[in-house]
Amino acid sequence: MLTLGRRYAHVPVGLVSMLLVIVLIAWLLERRVDGVWEAALRMAAPVPVAVTLAAVPPSVAAASPAPPADPPLAPAASAPAPAPVAPPSPAPPAVPADPERYVLESGPFLTADAADRVEDQLNHLGYATVRFRKQEVRRLYAVIATGFAGVRDAERAAVDLGRGAVVDGADGVELVVDRAATLGDAIAAARPVRARGLEVRIEAGPRPVVIYHVRYGQFSTQAAAEARGEELALFGLVSRVVKIR
């Protein structure tokens, strides 16, 4: 009996301990200790799995190629040496401007015959001449001889006067003796025609006409050209000064 009592002597102590645990649990449930339960729940929650990467063995790390290093910076290019500055070349000499020139001009002449007479006179005086010809429409005064019986009479009158053109006019055959730029010149041209006993009329109107100018002489100043023009006026040559280059 004593042996059996010793064998089960610890049973009462276990029952008492179990009873204390049940009382403690009941008390905790009654007190509803949230913090204790939260801690207990956290402890009971599954632990997240953490993946740990194994370290690379030294042999593998040595075998892997190292990333290429940055290429060494090239040395900065030295600035080019300044080119030698050539001494300034002497400035070219200034080209003198063309000197001014002046000539004398006579005209306008409404007929080539009138220009021929002036050129002949100037050539006899020792001047070389240059003739300019231009066609335009001008108001002219025509000196016309009338009253001819026929074309032959008009042609004989033209031979006697030394000039003129036979035309068919409103009153029959007519002889255009001259064309003048002004009424005064037309009256002066009509006087010798009347002196030969011919009937003359002066007719004004715009007409296409070829005019002529005659230039001569060469002078370095305007004053010199004007002085020579006054000398030639003594020979009946009317002129004006023209500036040319």
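A compact table of results
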{"item": "Test result for residue 151, within 19 Å of residue 110 (Cβ to Cβ) and touching a strand residue (DSSP E or B) at 6+ places or on another chain (Cβ under 6 Å)", "result": "no"}
{"item": "The range 184-199 - residue that is assigned to a helix (DSSP H, G or I) and among the charged types (D, E, K, R) and, of those, farthest from residue 157 (Cα to Cα)", "result": "185"}
{"item": "Matching residues in the range 109-130 - criterion: being closer than 19 Å to residue 225 by Cβ and crowded, with 16+ Cβ neighbours inside 10 Å", "result": "118, 119, 121, 122, 127, 129"}
{"item": "Filter pass, residue 136 being acidic (Asp, Glu), in a strand (DSSP E or B) and surrounded by 13 or more Cβ atoms within 10 Å (Cβ to Cβ)", "result": "no"}
{"item": "Residue match in the range 196-209 (condition: farther than 21 Å from residue 107 by Cα, β-branched (Val, Ile, Thr), surrounded by 14 or more Cβ atoms within 10 Å (Cβ to Cβ) and free of Cβ contacts under 8 Å to residues at least 40 places away in the same chain)", "result": "no"}
{"item": "From the options 230, 226, residue that is without any contact (Cβ under 8 Å) to a residue 24 or more places away in the chain and either touching an Asp or Glu at 6+ places or on another chain (Cβ under 9 Å) or surrounded by fewer than 12 Cβ atoms within 10 Å (Cβ to Cβ) (or both)", "result": "230"}
{"item": "The range 101-122: number of residues that are among the β-branched types (Val, Ile, Thr) and either in contact with a helix residue (DSSP H, G or I) (Cβ under 6 Å, 6 or more places away or on another chain) or closer than 12 Å to residue 232 by Cα (or both)", "result": "1"}
{"item": "Selection status of residue 141, out of contact with any Lys or Arg (no Cβ under 6 Å at 6 or more places or on another chain), modelled with pLDDT of 90 or more, part of a strand (DSSP E or B) and among the aromatic types (Phe, Trp, Tyr)", "result": "yes"}
{"item": "Among residues of the range 101-152, those that are more than 24 Å from residue 243 (Cα to Cα), over 45 Å from the mean Cα position of the chain (by Cα) and β-branched (Val, Ile, Thr), counted", "result": "5"}
{"item": "Filter result for the condition that a residue is modelled with pLDDT under 70 and surrounded by fewer than 10 Cβ atoms within 10 Å (Cβ to Cβ), over 99, 88", "result": "88"}
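The values are calculated or read from the model by the stated rules, or taken from the named source; none is laboratory data. Quick caveat, the model's predicted, so the values are computed rather than measured. Note that each Cβ is placed from the backbone with ideal geometry, even for glycine, and that neighbours are counted across all protein chains shown.
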